[in-house]
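Working notes, structure below.
A short reminder: the numbers here are calculations on the coordinates, not readings from a lab. Quick caveat, the model's predicted, so the values are computed rather than measured. As a convention, Cβ positions derive from the backbone with ideal geometry for all residues, glycine included, and neighbour counts pool all protein chains shown.
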Amino acid sequence: MARSDRDPRHRVDPIALIGLIVGLAFREESAQAAQAVVFVLLAFLGGVFAQSVAPPGALRIIVQASPSYHLVVLARCAVGGESDVAGSILALVIITVIVGAATIFLYRRFA
């Protein structure tokens, strides 16, 4: 069976990479709790539970650096029929490269 580029199993997800980083950085006894905290924080920052209003100053930078924020923007654009998604796609690519490099570094260091 030939590999398809459209097959979702061959894509890299920045949130999965963050999960790998947390799993590598914490001991096995505390990794699950740490992942729960990280993913809930990412969900709140990204506006998964409620549409976030524009936060002030430095918090806006933190929110917009979150991969969940850009995934929520893409989902809302898909549902709302908007087509201005280039900024979020570019941000997700950049975040994925940065988080992927950190994952490789931690894997080589701890594994």
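Annotations for the structure displayed:
- Cα centre as origin, Lys/Arg/Asp/Glu Cβ charges: the chain dipole, Debye: 220
- Listed values for region 94-111 are Karplus-derived 3J(HN,Hα) couplings in whole Hz (6.51 cos²θ - 1.76 cosθ + 1.60, θ = phi - 60°), namely 5, 4, 5, 5, 5, 5, x, 5, 5, 5, 4, 4, 5, 5, 5, 7, 9, 8, and x replaces Gly and Pro.
- Loop-located chymotrypsin sites (Phe, Trp or Tyr not before Pro) in region 33-74, at most 16 other Cβ atoms within 10 Å (DSSP): F49
- Fewest-first ordering of R60, R108 by other beta carbons within 10 Å of each residue's beta carbon gives R108, R60.
- For the chain, diffusion coefficient by Stokes-Einstein and Kirkwood Rh (Cα), 25 °C, 0.890 mPa s, µm²/s: 158
- Gaussian network model of the chain, springs between alpha carbon atoms under 10 Å - residue of I94, I18, I62 with greatest fluctuation: I62
- Computed as a quarter of the hull surface, the mean projected area of the alpha carbon convex hull for region 40-79 stands at 2.6 nm².
- Of L90, L42, L71, the one that fluctuates the most in a GNM where the chain has Cα springs shorter than 10 Å: L90
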